[in-house]
Structure formats: structure tokens, C-alpha cells
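Some notes on the structure that comes next.
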Amino acid sequence: MLQNVETGELRSRICPSFAGLLTLAEEPSVVTVDIPIGLPEVPRQGGRLCEQQARKILGSRAASVFSAVGRAALRAGSRAEADEISRAAGGLGIGAQAWGLAEKLKEADAVMTPERQRLVREVHPEVSFWAMNGRKPLPAGKKTLEGMVARMDVLEAEGFPSTFVRQLPAGLRVGRDDFLDACAALWTAHRIEAGQAERLSAGSDLDARGLDQTIWF
């Protein structure tokens with residue numbers, strides 16, 4: 001999801017790789033991603049501090065926040081091996097859902113540096129929607145009709161054109177829920193650009209490589 005800050009023009013397209021976000025022709029000033037940036041060596045109970053705080057504020061939507069897989073497990077070639085490595089190192093086991101995100105995590109972790117965090121920021125769409133909705137969790141899940149309509153409503157209230165959020169762009173080949181999540185990420189990018197964004201955790205929480213483990217909204 002891209003927006004020209006001067007003209008307001010909105011565009012949607014698929015970026016085939018995480019590394020590709022760093023070389024976009026448009027040279028964006030802020031890039032927001034729903035991918036953990038900054039990882040523990042092994043996941044502990046409750047996950048990263050930002051994930052714990054996100055669950056606390058989201059209440060009924062807390063289950064949408066998954067704990068990031070640790071770097072030790074990402075070196076494994078299978079979920080079973082990752083689970084064994086994580087447990088042997090004193091961390092939590094690695095379930096199928098968490099392991100399903102492993103490739104994206106590895107891709108992001110391979111290119112991110114503390115310097116690149118000035119450009120690329122981690123977001124969680126449900127946290128962004130919570131902030132848009134008067135700091136209240138939305139009442140229904142994002143894949144339900146009620147949940148999608150609620151997300152469209154708050155995006156419109158924040159200035160997104162109705163024709164944009166209520167009609168999935170042709171040829172995009174993503175689910176409507178993922179498209180609305182991307183709109184929420186763009187909303188947060190605007191707030192970062194304007195110096196209005198907030199963060200979970202409130203203070204710096206650096207991992208072993210100096211990456212700040214933070215969810216922006």
C-alpha cells in the first residue's frame with residue numbers, strides 16, 4: 001500500500017520480497033510491516049514485551065497477537081527441529097502456526113539493521129485499528145463480515161476514501177482482510193511521518209543485534 005503525501009494518491013501492489021521494500025522506486029520515507037522486527041534467541045512465556053502489551057490493550061482481540069519465533073529456532077529446517085532447539089535452549093515450543101511465519105521472519109531478520117529501523121517499522125494491524133477506534137478493540141474478527149465492515153468504517157472515519165476501502169483493487173490477489181490490514185499499516189505510517197505515532201513498548205527494548213523490539217501505532 002503506497003500513498004503520495006503530496007497528492008494523496010493511493011496505490012496497491014504486491015512486493016515479492018522483504019528486501020524489495022528497501023529498494024522501492026518511490027523511495028518512501030516510512031515503510032510499515034506486519035512482521036516482527038527484533039527477535040529473542042528463544043521465545044519466553046508471553047513473547048516479546050511489545051507483544052505482551054499489545055495483548056493487554058486488545059482484550060477480546062488479544063489472540064490475534066502471536067509471539068515471534070526466536071532466532072535459534074529459525075536456524076532449523078523443520079518445525080519439529082525448531083521445537084526441539086527452542087525447548088532445549090529453555091524457550092517455548094514452536095507450534096505449526098508460529099512456524100508457518102518462519103520464512104518471512106528469516107527474510108526480514110536477514111536484512112534489518114538498527115539503521116534501517118529509521119525507515120522500516122513494525123506494526124500490528126489490530127493495534128492500529130484499536131487506536132483508530134477510540135482505543136477500544138473492534139468487536140468482531142477481521143475475517144467476519146461484521147469485522148470487515150467495522151474496519152472499513154474506522155478507516156473511512158480516518159480519511160480513507162470509501163471507494164478505496166470498500167472495493168478490493170482488481171488483480172491484487174489478496175484477501176479483503178489482508179487489504180484492510182495494509183490500510184491500517186498505512187495509517188500508522190502517516191502517524192510516524194507526522195511525528196504522532198506511539199509505540200509498544202514505551203521504552204527501548206533491544207535484542208541481541210541492537211534491533212528495537214517495538215510495535216508502532
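The values are calculated or read from the model by the stated rules, or taken from the named source; none is laboratory data. Just so you know, these numbers come straight off a predicted model, no measurement behind them. Backbone-built Cβ (ideal geometry, glycine too); neighbour counts: all protein chains shown.
No other residue among 65, 123, 111 is touching a residue at least 60 places away in the same chain (Cβ under 8 Å), touching a strand residue (DSSP E or B) at 6+ places or on another chain (Cβ under 6 Å), β-branched (Val, Ile, Thr) and at negative phi apart from 123.
Among the residues of segment 172-194, is there at least one that is in contact (Cβ under 8 Å) with a residue 60 or more places away in the chain, aromatic (Phe, Trp, Tyr) and assigned to a loop (DSSP other than H, G, I, E, B)?
No, there is no match, as no residue in segment 172-194 is in contact (Cβ under 8 Å) with a residue 60 or more places away in the chain, aromatic (Phe, Trp, Tyr) and assigned to a loop (DSSP other than H, G, I, E, B).
How many residues does segment 1-39 contain that are among the hydrophobic types (A, V, I, L, M, F, W, C), at pLDDT 85 or above and either touching an Asp or Glu at 6+ places or on another chain (Cβ under 9 Å) or outside any loop (DSSP other than H, G, I, E, B) (or both)? Quick ask: steps written out before the conclusion?
Initially, segment 1-39 is screened for residues among the hydrophobic types (A, V, I, L, M, F, W, C), giving 1-2, 5, 10, 14-15, 18-19, 21-22, 24-25, 30-31, 33, 35, 37, 39.
So of that shortlist, the ones also at pLDDT 85 or above come out as 10, 14-15, 18-19, 21-22, 24-25, 30-31, 33, 35, 37, 39.
Then keep just the ones that are either touching an Asp or Glu at 6+ places or on another chain (Cβ under 9 Å) or outside any loop (DSSP other than H, G, I, E, B) (or both); that gives 10, 18-19, 21-22, 30-31, 33, 35, 37, 39.
Number of matching residues: 11.
Return a yes/no flag: does segment 75-91 have any residue that is part of a helix (DSSP H, G or I), under 25 Å from residue 216 (Cβ atoms) and either small (Gly, Ala, Ser) or over 20 Å from the mean Cα position of the chain (by Cα) (or both). No, because not a single residue in segment 75-91 is part of a helix (DSSP H, G or I), under 25 Å from residue 216 (Cβ atoms) and either small (Gly, Ala, Ser) or over 20 Å from the mean Cα position of the chain (by Cα) (or both).
Looking at segment 32-40, is at least one residue without any contact (Cβ under 8 Å) to a residue 60 or more places away in the chain, over 16 Å from residue 207 (Cα atoms) and not aliphatic (A, V, I, L, M)? No, segment 32-40 has no match at all. Residues of segment 162-171 include at least one that is more than 15 Å from the chain's Cα centre (by Cα), more than 30 Å from residue 109 (Cβ to Cβ), free of Cβ contacts under 8 Å to residues at least 60 places away in the same chain and surrounded by 18 or more Cβ atoms within 10 Å (Cβ to Cβ). Is it true that some residue in segment 118-132 is surrounded by 16 or more Cβ atoms within 10 Å (Cβ to Cβ) and among the hydroxyl-bearing types (Ser, Thr, Tyr)? Yes; the residues of segment 118-132 include at least one that is surrounded by 16 or more Cβ atoms within 10 Å (Cβ to Cβ) and among the hydroxyl-bearing types (Ser, Thr, Tyr). Every condition in (1) assigned to a helix (DSSP H, G or I); (2) crowded, with 16+ Cβ neighbours inside 10 Å; (3) under 18 Å from the mean Cα position of the chain (by Cα) holds for residue 150 except the one numbered (3). Taking the listed residues 47, 70, 38, the one that is under 17 Å from residue 111 (Cα atoms), of a type outside the set (A, V, I, L, M) and under 16 Å from the mean Cα position of the chain (by Cα) is 38, with no other qualifying.
Right, residue 105: touching a residue at least 40 places away in the same chain (Cβ under 8 Å), within 20 Å of the chain's Cα centre (by Cα) and not in a loop (DSSP other than H, G, I, E, B) or not?
It is true that residue 105 is touching a residue at least 40 places away in the same chain (Cβ under 8 Å), within 20 Å of the chain's Cα centre (by Cα) and not in a loop (DSSP other than H, G, I, E, B).
Quick one: in segment 1-52, of everything that is among the small types (Gly, Ala, Ser) and over 21 Å from residue 199 (Cβ atoms), which residue is surrounded by the most Cβ atoms within 10 Å (Cβ to Cβ)? Taking the candidates together, the pick is 12. Whether a residue is in a helix (DSSP H, G or I) and touching a residue at least 12 places away in the same chain (Cβ under 8 Å) was assessed, and residue 45 does not pass this test. Among the residues of segment 195-217, what is the count of those that are farther than 17 Å from residue 113 by Cα, of a type in the set (S, T, N, Q) and in contact (Cβ under 8 Å) with a residue 60 or more places away in the chain? Result for segment 195-217: 1.
Taking the numbered list (1) in a loop (DSSP other than H, G, I, E, B); (2) aliphatic (A, V, I, L, M); (3) at pLDDT 95 or above in turn, residue 58 passes all entries but (1).
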